[in-house]
Structures are given as C-alpha cells and as structure tokens.
Amino acid sequence: MTTEPLRAVPVLMPDAGPSLDYYLVLPRLDNHGPATTVEGIVVEEFTRHHDFTTTGLDSAGWTPEAGWWSSAALSRGMRTDPEVLARVLPTSRREAEDVHRALGGGQLPDEPLLRTHFLDHQPIATAPPLRLGPAQPPAGFHERRVYRVLFAKDLRAEQVASLRTAWRSPAGGTVASAASGRLVQHGDQFTWDLRRVGHSLAWCLDVTALLRTDGTAALGSTLSELTNVLRQHGLIPVTTERFA
C-alpha cells in the first residue's frame, strides 16, 4: 500500500469531525521498497483538563501481522526519536480507512471501539499556569488566557507560506513569528503566532484568548481546529500548556 502525505487545508473549520488523530507508519529507511509504502496505522487521543491543557495521551497501533496493540513508548517515540518521526505521517480517518482495508484489515473500527485498544496510558505532567503578560484583561473582556501548543517534526517553506496566506499574517511579521492569525467570534478575540522553538525540529503555536462572553466552548474549538490545521501540514502535536 502506498500513500501521499495528507493535503494541508490551512483554514479554521467547524470542529465536527472525528476526535481521534490518525497516523500512517512508513517502513524503516534501511528497508528496500518505495518510501511511500505503509506498514501500519497509529490512532491517538489526548486527555485534557477542563481548561484544555494536556494531561496524557492514549494510543494504539495496528499492523496486518499483529493486529491492534497499545504502547505508550510508541507515542513517545513519535515525538522524540528522529528515526520514528521520519516514518510517521499525520493523516485523515478516511485515508486510514483506505489503508486499513488495502492492507487486509477490512473495515476500520469506529472510534468507540478503537478506544478499547487504549491500554497503556501515557501521563503528561502538568503545572499551574505560569502567568505571562498582564494579570488583568483589557477593558471590555472578563478573562485573558494564553496557551502554547508544542509540535514535533518540521515545516517546509512552502507550507509556512501557505499558512501565512490562509491566516492573513501581516506582511513581514516578526523575527520570531513564522505565521500568525486572528479570529473574532461573538465578541471573543483569538490571536495566534507560530514559531520555531529550541534547536531541534520543533514548533510551537502561542494562542491568546480575550473572552468577552462565556466563550469556553469557542476556546476549546479554536485550539482544536488550529492544532488540526498544523497536523494537516505534517506536524505532530506534543502537548498543550497554559501560561495565563
């Protein structure tokens, strides 16, 4: 079975799709055969606090020979091991269904059944929000929140340019920011900046929410949609932290 990387769709869309994240696993680079051959599928789901920060990660992998199995070590490797990172491609449920069928697995189980394969939970340490910026929100807003979503893997220059166009990033931007965007929803304001972090292949998305309404549902949806946009570009989410 061969595949192409998931086509990026860098826009905010209603958060009505499947809630699990799907990945395709390619063969090791020292194996013979085309680089786009698929060996298996990984399905993941983050667990979160009520404020949308990450508390842990559940995952299950599938290969034709072994069937479904659960391993927290696999999810860690997808984010920390360069060899594993090079072999993992974010994908859609529809493409995962096609791959599962083509590799002899038949119909891909629905999401409630997939969750029954999550047997090795990986906790992710959390801490009280580290306040960055002013303690009080601007006039007219009752709350200010700041989040950082960390990602593994890298973005190509054309992918960054695509994000800048779709998010209508200001021309020139800043030295630190690769792309940025803004959304106003029922009076609540959301702004975000994408930038590299550290000296490795890692990115972060900083999201600031100024809430005029009881906008927690809109906040959760916006964080989820922005994270999914970057997954569609090939990045792998690591964790969501809160700074205010």
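The values are calculated or read from the model by the stated rules, or taken from the named source; none is laboratory data. If you're wondering where the values come from, they're calculated on a predicted model, not measured in any experiment. Please note: Cβ atoms are built from the backbone with ideal geometry, for glycine as well, and neighbour counts cover all protein chains shown. For accessibility, only protein heavy atoms count, side chains too; no ligands or nucleic acids. Shrake-Rupley method; radii C 1.70, N 1.55, O 1.52, S 1.80 Å.
Data overview
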{"quantity": "For ASP188, residues with placed amide H under 5 Å, excluding near neighbours", "calculated": "ARG212, THR213"}
{"quantity": "Whole-Hz couplings from phi, Karplus 6.51/-1.76/1.60, listed for the stretch 149-166; x for Gly and Pro", "calculated": "9, 8, 9, 9, 6, 10, 10, 7, 4, 5, 6, 4, 4, 4, 5, 4, 5, 5"}
{"quantity": "FRET efficiency for ARG94 and ALA135, using Cβ-Cβ distance with R0 set to 51 Å, rounded to 0.05", "calculated": "0.70"}
{"quantity": "Distant-in-sequence amide H partners of THR55 (H built 1.01 Å from N, under 5 Å)", "calculated": "THR47, ARG48, HIS49"}
{"quantity": "Accessible area of the stretch 139-196 belonging to carbon and sulfur atoms, whole % at 1.4 Å probe", "calculated": "52"}
{"quantity": "Within the chain, longest stretch clear of exposed trypsin sites (Lys or Arg not before Pro) (DSSP loop, no more than 11 other Cβ within 10 Å)", "calculated": "29-155"}
{"quantity": "With Cα atoms, 0 to 90° folded angle of helix 93-102 axis to the chain main axis", "calculated": "0"}
{"quantity": "D_trans [Stokes-Einstein, Kirkwood Rh over alpha-carbon pairs] for the chain, 4 °C, 1.567 mPa s, µm² s⁻¹", "calculated": "68"}
{"quantity": "Label point distance in nm, HIS121-THR191, each placed 7 Å from Cα along Cα→Cβ", "calculated": "3.8"}
{"quantity": "Euclidean distance of C-alpha centroids, the stretch 38-61 and the stretch 211-225, integer Å", "calculated": "21"}
{"quantity": "Estimated translational D of the stretch 131-244 in µm²/s (Stokes, Kirkwood radius over Cα pairs; 20 °C; 1.002 mPa s)", "calculated": "147"}
{"quantity": "Cα gyration tensor shape of the stretch 75-167, rounded if a/c is under 1.5, else prolate or oblate by comparing a/b with b/c", "calculated": "prolate"}
{"quantity": "0 to 90° range, to nearest 10: angle between helix 216-232 axis and the chain longest Cα axis", "calculated": "50"}
{"quantity": "Residue-normalised accessible area of the stretch 104-244, given per residue in Å² at a 1.4 Å probe", "calculated": "51"}
